[in-house]
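Scroll down for the structure; my scribbles are underneath it.
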Amino acid sequence: MAKGNHPEYQKMIDKQFKDLMKHCQSHMEQVEKTLPEPRENLHELLKTRGITRRDFVKWTAAMTAALMLPPMFKPMVAKAAENFSRIPVVWLHFAECTGCTEALLRSSYPNVDDILLETISLEYHETLMAASGDQAEKCLEDAIHHFKGKFICVIEGALPRGLNGQYLRIGPKGKTGIEIAKEVCKEAAACIAIGSCSAFGNIQSAKPNPTDAVSIKEAIGIPTVNIAGCPPNVVNFTGTLLHYIMFGGLPALDGLGRPIWAYGKRIHDYCERRPHYDASEYVNEWGDAGALKGWCLYKVGCKGPYTYANCGRVRFNTGISWPIMAGHGCIGCTEPAFWDTMAPLEKPLPDKSFNNREATIDNIGIALTGIAALGIAAHATATALRHKDEDQATKQEVKQHE
Ligand code: FSX
Ligand code: SF4
Ligand code: F3S
């Protein structure tokens, strides 16, 4: 807790955290009573994968901080991790590239987050399950029946609405994606949209969007937690599930449905090249002297000033690197409609249009998808309001640099 707070204020904060801790403890007791036994002993699994107790303690501290909780919650984060495999998960695939699943499963040197995902109680996952056809369909029906109101539905991919949903038919009965989503999501305890496709439509809904692909929320009108990114970061997914296990609810979300603990700040705010931006030291073309020196990528198209995500803080591939560290500007993959609104990807926005960015999102959304897109516009407006102060500051900065 920060030193120097007014004593009354400090007392209030301490009380809030104590109450939150009580809620957390009683919820975790409930979880242990009502959900199936853990499928895996996490500590044995970590040991066999070469993760020491010390690594686990370090991970617990980092995850507690990432979730914006004070250190007193570290034991609860550890306990939630041990109970990770109790939560039944049904994972649906719609119009996408499966990069989200790949990103979560393919690290060469798995850390605690990756191993947690191995323990997850996946009742249905088309890419990973051995079953196919009727057998797979039966797995899905059984999971919904046994875990009605208790399972988490994770949705990967956008939903095409064109031709009454017929651009996407799945399984032996040839159901449309929209039919499956409607049947499954209504029985879930909560729905998590993983990746920008299910969260916002993403590349499937990029202009001219011939299949009328939209986010899961827009397609069937359910609230979702949006783990944005193409692909998203594993930490943001595991953190959201840990939060759910600890508190029985979903984390606070921004106007676009993204957990604030993960998407509350801009790429530009966490960027190691930021001092070069502030000093007007840019890469002007690929391979120039500035590139060799690791200068700012704004002039070769980095959209970090307009993009909200924690990539620079948590990084990818076991914390090894992230796009800007690897030498490529951010393309804004956690933002809605980024293929349309952030283009051209290799240059700054053409008409210095950061000032109009929110208006641009509204217009494109409405033009593309008609009345249903008003939801997106409302969200964009809400986000615009939330970020207004920060955006004012960015406008000033960006102007200075153009
Ligand atoms: Fe989308 Fe996921 Fe991008 Fe791909 O499936 S968020 S296209 S990385 O993988 O949905
Ligand atoms: Fe980093 Fe991009 Fe911002 Fe430059 S413009 S400081 S590279 S986020
Ligand atoms: Fe995406 Fe930008 Fe992060 S492109 S992965 S939000 S650095």
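Under the condition of being more than 11 Å from ligand 1 (Cβ to nearest atom) and either farther than 12 Å from F94 by Cα or touching an Asp or Glu at 6+ places or on another chain (Cβ under 9 Å) (or both), the residues counted in segment 206-218 number 8.
Of everything in segment 226-253, what is under 24 Å from D340 (Cβ atoms) and surrounded by 19 or more Cβ atoms within 10 Å (Cβ to Cβ)? Give them in sequence order. Correct list: N226, I227, A228, G229, C230, P231, P232, N233, N236. Residue pairs whose Cβ atoms lie under 6 Å apart, sitting 6 or more positions apart in sequence or on different chains, and linking a residue in segment 298-313 that is closer than 30 Å to W59 by Cβ and in the same structural domain as G329 (by TED's automatic domain parsing) to a partner that is within 16 Å of ligand 1 (Cβ to nearest atom) and acidic (D, E), are T307/E335.
The residues on offer are R49, R53, R39, and the sole one that is farther than 30 Å from A143 by Cβ and basic (K, R) is R53. Here segment 76-109 is the region considered, the condition is being farther than 30 Å from K186 by Cβ and either of a type in the set (S, T, N, Q) or surrounded by 14 or more Cβ atoms within 10 Å (Cβ to Cβ) (or both), and the residue that is modelled with the lowest pLDDT is S108. Here is the figure for segment 59-75: residues that are of a type in the set (G, A, S) and crowded, with 22+ Cβ neighbours inside 10 Å total 0. If the condition is being part of a helix (DSSP H, G or I) and within 16 Å of ligand 3 (Cβ to nearest atom), then segment 85-112 contributes G99, C100, E102, A103, L104. Screening I267 on (1) in contact with a helix residue (DSSP H, G or I) (Cβ under 6 Å, 6 or more places away or on another chain); (2) surrounded by fewer than 24 Cβ atoms within 10 Å (Cβ to Cβ); (3) of a type outside the set (S, T, N, Q) shows it passes everything except condition (2).
Answer yes or no as to whether S280 is of a type in the set (S, T, Y) and either within 16 Å of ligand 3 (Cβ to nearest atom) or out of contact with any Pro (no Cβ under 9 Å at 6 or more places or on another chain) (or both). Here the answer is yes, as S280 does meet what is asked. Based on what the data block shows, is F56 in the same structural domain as S121 (by TED's automatic domain parsing) and not basic (K, R)? Criteria not met by F56.
Residue by residue, here is whether (1) touching a strand residue (DSSP E or B) at 6+ places or on another chain (Cβ under 8 Å); (2) farther than 30 Å from R86 by Cα; (3) outside the structural domain of F237 (by TED's automatic domain parsing); (4) within 16 Å of ligand 1 (Cβ to nearest atom) holds:
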| site | (1), (2), (3), (4) |
| --- | --- |
| P251 | yes, no, no, no |
| R274 | yes, yes, yes, no |
| D278 | no, yes, yes, no |
| C296 | yes, yes, yes, no |
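Only helices (runs of 4 or more DSSP H) whose full extent lies in segment 239-297 are considered here, and the ones with at least 1 residues that are among the small types (G, A, S) and over 19 Å from the mean Cα position of the chain (by Cα) are 289-292. Taking the listed residues A343, A326, the one that is in a loop (DSSP other than H, G, I, E, B), away from ligand 2 (no atom under 14 Å from the Cβ) and out of contact with any helix residue (DSSP H, G or I) (no Cβ under 6 Å at 6 or more places or on another chain) is A343, with no other qualifying.
The set of residues in segment 308-320 being surrounded by 22 or more Cβ atoms within 10 Å (Cβ to Cβ) and touching a strand residue (DSSP E or B) at 6+ places or on another chain (Cβ under 7 Å) consists of Y308 alone. Please indicate, with yes or no, whether at least one residue in segment 237-247 is among the β-branched types (V, I, T), away from ligand 3 (no atom under 16 Å from the Cβ), closer than 22 Å to L35 by Cβ and in contact with a His (Cβ under 9 Å, 6 or more places away or on another chain). Yes, the conditions are met somewhere in segment 237-247. Every condition in (1) within 16 Å of ligand 3 (Cβ to nearest atom); (2) modelled with pLDDT of 85 or more is met by P172 except one, and the failing one is (1). Does at least one position in segment 288-299 carry a residue that is surrounded by 13 or more Cβ atoms within 10 Å (Cβ to Cβ), near ligand 2 (Cβ under 9 Å from one of its atoms) and closer than 10 Å to C330 by Cα? Yes.
Out of curiosity, is G221 modelled with pLDDT under 95, on the phi > 0 side of the Ramachandran plot and out of contact with any strand residue (DSSP E or B) (no Cβ under 6 Å at 6 or more places or on another chain)? The answer is no for G221.
The values are calculated or read from the model by the stated rules, or taken from the named source; none is laboratory data. Everything quoted here is computed from the prediction, not taken from an experiment. Cβ: placed from backbone, ideal geometry, glycine included. Neighbour counts: every protein chain shown.
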